[in-house]
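Following: one structure in structure tokens, then a few remarks.
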Amino acid sequence: MIERLMNHPYYILAPDFTATSAGVQVLYELCIRLNEIGLDAYIVGSKVTIDQQIAPIISDDVILKHRKEGKFPIAVYPEIVSGNPLNENVCVRYMLNKEGVISGSKMAASESDLFFFYSEQFMEGQSDSGEKLKIPVIDTSIFCPPEDDNRFRKLLYLNRFPVDKVEFESLPSDIEVLSMSQPLSHPELAKKFQEALVIYSYEYSTTCTMAMLCGCPLVVKGYESGNRYGFTEQSLFAYEGLGFAFSDDSESLDKARRGLVQFRENRLRQDEESDLQLKRFVEVTQRAAEEKAHEQTSPLEHWIEGRIPSQVQRQMLTSRLASHSAICIIVMDTQSESKSLSAFVESYLATKNLLPNLSCFVLTDRTNTYQSYDFPDLKIRSLDEVGSAGSVKLVLEESDASWFTIIDSGIAIVPHGLLTFALELQSAPDTCFSVYGDELITGENGVRGAILRPDFNLDMLLSHPSVMTRHWFFRKEVFSLFGGFDESLNTAFEFDLILRILEQSGFGAFGHVAEPVLFVKTEESWFIAEEGREVVLNHLKRRGYHSAAISQGRAPATYNIDYGHVGSPSVSIIVVMKDQLSLLQACVESIFDKTDYANYELLIFDNGSQTPEANAWLNGLEGLGVSNIRVFRSVKTLDRHVAVNQVVGDARGEYLLFLSADIGIVQKDWLNLLLNHALRPEVGIVGAKLLTKEGRTESGALVAGLTDVSGTTFAESNANDAGYMNRLQIDQSCCLVSADCMVLEKELFVGLGGFDGSLPDSLAEADFCLRVSQAGRLNIWSPRALVMRLSVSSGEEVQSEESSAGGVQYSRATEIVYDRWLPQMAHDPSYNRNLSLSGAGFEVEQRIDLSWQPQKLLDQKTILVYPADQWGCGHYRMMQPIEAMKTQGVAGGMIAWQWLTVPEMARLEPDACVFQRQITDEAVANMKRARHILKKPVVYELDDYLPNLPLKSAYRKNMPRDILKSLRRSLKHVDRFVVSTHPLAEAFKGIHSDIRVVENRLPVEWWEGLTSKRCQSEKPRVGWAGGIGHTGDLELVEAVVRDLADEIDWIFFGMCPDVLRPYVKEVHEGVDITLYSQKLASMNLDLAIAPLEDNLFNRCKSNLRLLEYGACGFPVVCSDVEPYREHDLPVTRVKNRYKDWVDAIRMHLSDPRASVRQGDDLKKVVCRDWMLEGENLQQWLDVWTKF
């Protein structure tokens, strides 16, 4: 966990080092420990340190370095410091005492501060969310009992307690005072304690602990006196009732002395636990710093980091590279700064390790600058007088690569992105001559944007070539097949070549890989605008548009294209209305007032109006006798698209324009702009940009699959906003166009059978647009053509009314559309698979596994899993198997914590969907969608016999009474039912036709290589680990725990019932599951117990507890019940009888060597047979995906 986090430095505020202050020593020791484990920690505010190498005092240069590296320092303040004097984003309060005890003032902590406490006693009344961090500063090799016990001293420790308050008359007359006013070295201090019969103290201090570790008992003075430095019940709790007395009578002192051995053992164990506490401290603080970094760092940086394959995946991907996919990168270096090439070279070398066939030429006008360059397959060549295009041609004659691309020297490679890209190139057909990827925009503060392009988009290519045509990869054959680059062009020669390839080979000559390949500096135009304009004009002329004209677009480096069509074909504008006369009047008046185009007719379809004023107005309109205005009527109300289908037959126009009755016209050339594209032979439908009544954008181009069947983009944007990649300002091809305003050929509409009358309006319109695309036509969205919605409602609201009103009918219609067009909704070619299908559109998909799937390049399975929880069950049965598959290069997939939409599931394209313990209506609906719409196998996962929870289970009250009925309902919609044990499969026999068993295995990352110490206490350490669900199990051994408390030290981890606490030596609270294995191993148990009630629920459980104990090397005594009996693991099984438990435990303790051997044997079996790897992992993969 720690290794995955960035190394944010620690700034520890501390005074000058002194060996006489335990608090100061703790701060310096914390600095040392952090540096020892590979982190960066510094002392701040001090001039004297213990050692500049291991506890360095920070310098200004170091602070500046951290800022340049984008790191977020973690300030650590002792409790005596008020506020945040270092002004850092992450602030840690290290409570070495209670607030105000030493300083007398408040800390002025903020709500976001992190609290860590040196001792439990300091937690009282401080922070509910704090954690313990006890950094040992006492050298137990110095502070230890003497070999010869010759004691004669009687000591009084005085530091902060006032001398005039000391009751000297109650102390021995020969008392010797220890004071910080006359400090001693640690060896000198230890010698005094080793010679001391007793130490008296009015104040709780580390010095007292040092004395007790030397075998000197403590006499507590002034207990609960109200003295802020004094002893309290809470402070004495740290001594665990050992080694101290409230009186110096002989009986009290003898009892205190008898407890000193155990006190020392406890202290040594606590020191060992500090490693885990420190690891938790690092995890919490580094995560907090990362969160702050996330807040102030572009999410794209973390997004790109998440797309790095595992080491095994990298090796497998690289091994699949073929020699014929060799790539050559040509760098055009014409900049004046010699260091501009360094970023590229660094990225090139990193990429070369992944792509051995990668090569590079640097074309430069300053070859002397790079004479020292000596990198594999990187050659420096002079930029000849023939110009850039000519120089490229010359170096390609020298290259053996199959593909090449051209970049400038300020650009760097995304190594793993280019690896993915290269693998995709291998599958490109021979008819594909050029392929492009995506790019990331970098600035001074890292990645600040992304150019996530659509698939080949002709209109976007022509309107915005500076973004769409740079850094394409070409086959080397383009020179022989298409004449290569036009050497008369200085900058736009690649763009020109792309258009010539298009003219000769069509759209199929191009490919797009939705993967960031390069880090670029800017998205501005990289070629001369006038040169690009000439390239477009020449292209249009070759296509027959001799009257075409090009003007500067509204966004920088964009073009508006007027195709210069000849003639004015007739247009039938069809408006369907019902009542709402004021809106219709405004619509009709705006058409007449603001339409320059003359050759049109207006067809109004009255869809069953009821209001007298609407009927009267329509009658009046008909009475005008104007030839280009006609009214059609329907007695009953029809769906809008059905009404359109009816009226189209009477339309006289060559083109049809569908216009909603609440749309107003706002610019005179609106129809001309739509026809500018509609008259192109390759175009099907053209749509306009729709504004709200308030003049904001109601929607950009529609995206198939966004939120559902389709979704609007850029809603509520300012009308003049450019949008993502200027897509609110440029003409572009798209899948879907809103029927609020769309124009197309009548012949095309009729030929495709019009709208599907069996579907609701919005679905029928999306369906028709996709049929037009399927017919080989382009749908175009032109933001230059503006119309405005006159009502406050939007098409989106109308659709939601349909959805709720239609109920089951609308849901069934949606399934029909999914069945027809799901691939297009998952991968709208005008969108990008790295953009989210949830939300407002054109937002980067942060669920990386949904958009990035390296396993598909390896022909591996993809699995979608829905865990029931984030705890043990969810991890062992769902999350860890899928993560192990990724790490070990077996398969890939996604762990989903929210239901994916159908298009999102189709985008992931899983080979199977696994649902764990899901019984809600929504869960069942998603199972049905996965099975019937995606036609993917569905697996149901369960690891407990829920219909028979034990009466004493803490989870019983939350279990639905009809759980068996709910399970049956869920299981009706799945293909396979997977359980964790054979008895569980038998218990569910008959509930499903295909029940499989996959037993629990231990994740390698958590459980491999654990070490645990033995014989760490005077008494044997016998332990139990478990949670609140095991109340009934522990009741089996209550008497055993009680009666053996004098013979052994009981160690409980997780839950400890109140009735057992008096007999349990140590109770360890539960930890995060990622730390559970290490914490369990740190218990250093000589024996572990696993009691289990014998009931149907438990007979169906797994042997997971034995496996966990075994991975730690603990010998085990367990109940002789089914889950612990199966597989015959080397453990001691007993009947659930008091005598059997006691005899078994004593048997182990009587022969420690045999017990150790059993623990070693169990560990060997577990590590050999029960880890989540190899065949065990393959079993998971097979049961989830083989049908």
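Could you look through region 921-962, keep only residues that are within 25 Å of H982 (Cβ to Cβ), of a type in the set (D, E, K, R) and at pLDDT below 90, and pick out the one that is surrounded by the most Cβ atoms within 10 Å (Cβ to Cβ)?
In this case the residue turns out to be D944.
Per-residue answers, yes or no, for (1) assigned by TED's automatic domain parsing to the domain that holds P465; (2) touching a Ser or Thr at 6+ places or on another chain (Cβ under 8 Å); (3) in contact (Cβ under 8 Å) with a residue 40 or more places away in the chain:
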| site | (1), (2), (3) |
| --- | --- |
| V362 | yes, yes, yes |
| D365 | yes, yes, no |
| V392 | yes, no, yes |
| D408 | yes, yes, yes |
| V414 | yes, yes, yes |
| T431 | yes, yes, yes |
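Where in region 186-296 are there helices (runs of 4 or more DSSP H), lying wholly inside it, with at least 3 residues that are surrounded by fewer than 17 Cβ atoms within 10 Å (Cβ to Cβ) and over 47 Å from the mean Cα position of the chain (by Cα)?
Details: elements: 186-194, 206-213, 233-237, 250-258, 260-296.
Per the criteria, 186-194, 250-258.
Does S1150 satisfy being polar (S, T, N, Q), free of Cβ contacts under 8 Å to residues at least 40 places away in the same chain, assigned by TED's automatic domain parsing to the domain that holds T1011 and within 22 Å of S1017 (Cβ to Cβ)?
Working: polar (S, T, N, Q): yes; free of Cβ contacts under 8 Å to residues at least 40 places away in the same chain: yes; assigned by TED's automatic domain parsing to the domain that holds T1011: yes; within 22 Å of S1017 (Cβ to Cβ): yes.
Answer is yes for this residue.
What are the pairs, 6+ residues apart or on separate chains, where a residue within region 852-874 that is of a type in the set (K, R) has its Cβ under 9 Å from a residue that is part of a loop (DSSP other than H, G, I, E, B) and crowded, with 18+ Cβ neighbours inside 10 Å?
Cβ pairs passing all conditions: K861/V890; K861/A891; K861/P910; K861/D911.
Go through region 309-348 and give me each residue that's closer than 16 Å to W852 by Cβ and at pLDDT 90 or above.
The answer is P309, Q313, R314, M316, L317.
If you check every pair at least six apart or on different chains, which have Cβ atoms under 8 Å apart with a residue in region 500-524 that is among the hydroxyl-bearing types (S, T, Y) first and a residue that is in a strand (DSSP E or B) second?
Every condition considered, the pairs that remain are T522/I441.
Does W1141 satisfy the condition of being outside the structural domain of K886 (by TED's automatic domain parsing), under 41 Å from the mean Cα position of the chain (by Cα) and touching a residue at least 24 places away in the same chain (Cβ under 8 Å)?
When the stated conditions are applied, W1141 does not pass them.
If you take the residues in region 316-335 that are in contact (Cβ under 8 Å) with a residue 24 or more places away in the chain and of a type in the set (S, T, N, Q), which one is surrounded by the most Cβ atoms within 10 Å (Cβ to Cβ)?
So, considering only residues that are in contact (Cβ under 8 Å) with a residue 24 or more places away in the chain and of a type in the set (S, T, N, Q), the one surrounded by the most Cβ atoms within 10 Å (Cβ to Cβ) is S325.
Somewhere in region 32-53, is a residue at pLDDT 90 or above, farther than 16 Å from N7 by Cα and touching a Pro at 6+ places or on another chain (Cβ under 8 Å)?
Yes: one or more hits.
Return only the number of the condition from (1) buried (at least 17 other Cβ atoms within 10 Å of the Cβ); (2) modelled with pLDDT of 90 or more; (3) more than 37 Å from the chain's Cα centre (by Cα) that G753 does not satisfy.
In the conditions (1) buried (at least 17 other Cβ atoms within 10 Å of the Cβ); (2) modelled with pLDDT of 90 or more; (3) more than 37 Å from the chain's Cα centre (by Cα), G753 misses (1) alone.
Considering only region 741-750, I want to know if a residue exists there that is touching an Asp or Glu at 6+ places or on another chain (Cβ under 7 Å) and under 22 Å from D662 (Cα atoms).
no
Failed condition for K1079, given (1) in contact (Cβ under 8 Å) with a residue 60 or more places away in the chain; (2) under 20 Å from E265 (Cβ atoms); (3) surrounded by fewer than 17 Cβ atoms within 10 Å (Cβ to Cβ), with all others met?
Result: K1079 passes all but (3).
L30 passes all but one of (1) in contact (Cβ under 8 Å) with a residue 60 or more places away in the chain; (2) surrounded by fewer than 16 Cβ atoms within 10 Å (Cβ to Cβ); (3) assigned to a helix (DSSP H, G or I); which number fails?
Failing condition for L30: (2).
Any idea which of E694, E716 is surrounded by fewer than 17 Cβ atoms within 10 Å (Cβ to Cβ), without any contact (Cβ under 8 Å) to a residue 60 or more places away in the chain and more than 28 Å from P829 (Cβ to Cβ)?
E694
Run down L1162, L1177, L1181 and say which single residue is buried (at least 18 other Cβ atoms within 10 Å of the Cβ), part of a helix (DSSP H, G or I) and either of a type in the set (K, R) or in contact with a Phe, Trp or Tyr (Cβ under 8 Å, 6 or more places away or on another chain) (or both).
L1162
State which residue pairs qualify: first residue assigned to a strand (DSSP E or B) and inside region 147-169, second residue loosely packed, with under 10 Cβ neighbours inside 10 Å and at pLDDT 90 or above in any location, beta carbons under 8 Å apart, and separation of 6 or more residues or different chains.
Close Cβ pairs (under 8 Å, with a partner that is loosely packed, with under 10 Cβ neighbours inside 10 Å and at pLDDT 90 or above) amount to K154/D174.
Find the residue count for region 723-774, including only residues that are within 15 Å of L690 (Cα to Cα) and aliphatic (A, V, I, L, M).
Total meeting the criteria: 7.
With respect to the numbered conditions (1) part of a helix (DSSP H, G or I); (2) within 47 Å of the chain's Cα centre (by Cα), which one is the sole condition not fulfilled by I550?
(1)
Return yes or no: is S480 over 37 Å from the mean Cα position of the chain (by Cα) and small (G, A, S)?
yes
Please count how many residues of region 366-389 are of a type outside the set (A, V, I, L, M) and closer than 26 Å to G483 by Cβ.
7
In the list R680, R633, R696, which residue meets the criterion of being under 43 Å from the mean Cα position of the chain (by Cα), among the basic types (K, R) and farther than 17 Å from I573 by Cβ?
Testing whether each residue is under 43 Å from the mean Cα position of the chain (by Cα), among the basic types (K, R) and farther than 17 Å from I573 by Cβ leaves just R696.
Select from region 850-908 the residues that are basic (K, R) and either surrounded by fewer than 21 Cβ atoms within 10 Å (Cβ to Cβ) or in contact with a helix residue (DSSP H, G or I) (Cβ under 6 Å, 6 or more places away or on another chain) (or both) and list them in ascending order.
Result: K856, K861, K886, R907.
The values are calculated or read from the model by the stated rules, or taken from the named source; none is laboratory data. Since the structure is predicted, the reported quantities are computational estimates derived from the model, not experimental observations. FYI the Cβ positions are ideal-geometry reconstructions off the backbone, even for glycines, and counts take in every protein chain you see.
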